[in-house]
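What follows is one structure encoded as structure tokens, with my remarks underneath.
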Amino acid sequence: MTMFKLERSSFGRLVLTLADGAVHEGVVPVRAFPLAAPEEGVSLVSGEGREVAWVEHLGSLAGEVRALIEEELAGREFVPTVQRIEAVSSFSTPSTWSVVTDRGATQFVLKGEEDIRRLGDGALLIASGEGINFRIANRSGLDRHSRKLLERFL
């Protein structure tokens, strides 16, 4: 059961009302484990940067509260998912990767092999030279060509 009330103000900010009546306007949801367990451990942080509420699991929230939190998180998080690796400019780094993501085709520069991080269950996180993180949900789920290119860097 949710021990707080969450709504959006007329200015588009999240307003949290706790069980004791304390009201916090402009709260921001922050995932504790954004890649390993995105549904678990969400902190609601006040405008002053202090945690004011904790959500163990998003699934435990009422539908409208969960929708508000997920909407706010989606606006803050941008991690395109790589669906296919079209080409790499070189098998040494830095190299330019041409990929197709869930947001469309793009290119990025991989500065070093250490910028590819294993997340578990075949998932990878690639930090581009431009500061954008790209996720591969399951490397074994990529097509053969993509896997062959990727394996040269792992």
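The values are calculated or read from the model by the stated rules, or taken from the named source; none is laboratory data. Because the structure is a prediction, the values reported are computed rather than measured. Because the Cβ atoms are built from the backbone with ideal geometry, glycine has one as well, and the counts that use them run over all protein chains shown. Ligands, DNA and RNA are stripped out before the accessible areas are found, and what is left, the full protein with its side chains, is counted by its heavy atoms. Shrake-Rupley method; radii C 1.70, N 1.55, O 1.52, S 1.80 Å.
Quick notes
- V82 touching a Phe, Trp or Tyr at 6+ places or on another chain (Cβ under 7 Å) and at pLDDT 95 or above: yes
- Restricting region 111-143 to residues that are polar (S, T, N, Q) and in a loop (DSSP other than H, G, I, E, B) leaves a set whose member that is nearest to W97 (Cα to Cα) is S128.
- Every residue from region 93-110 that is among the hydrophobic types (A, V, I, L, M, F, W, C) and either part of a loop (DSSP other than H, G, I, E, B) or surrounded by 15 or more Cβ atoms within 10 Å (Cβ to Cβ) (or both): W97, V99, V100, F108, L110
- Selection status of L44, modelled with pLDDT of 95 or more and either open to solvent by less than 50 Å² (accessible area, probe 1.4 Å) or not in a strand (DSSP E or B) (or both): yes
- Residue within region 51-66 that is aromatic (F, W, Y) and not in a strand (DSSP E or B) present: no
- Applying the condition of being of a type in the set (A, V, I, L, M) and without any contact (Cβ under 8 Å) to a residue 24 or more places away in the chain to region 56-90 and asking which residue is most open to solvent (accessible area, probe 1.4 Å) yields A74.
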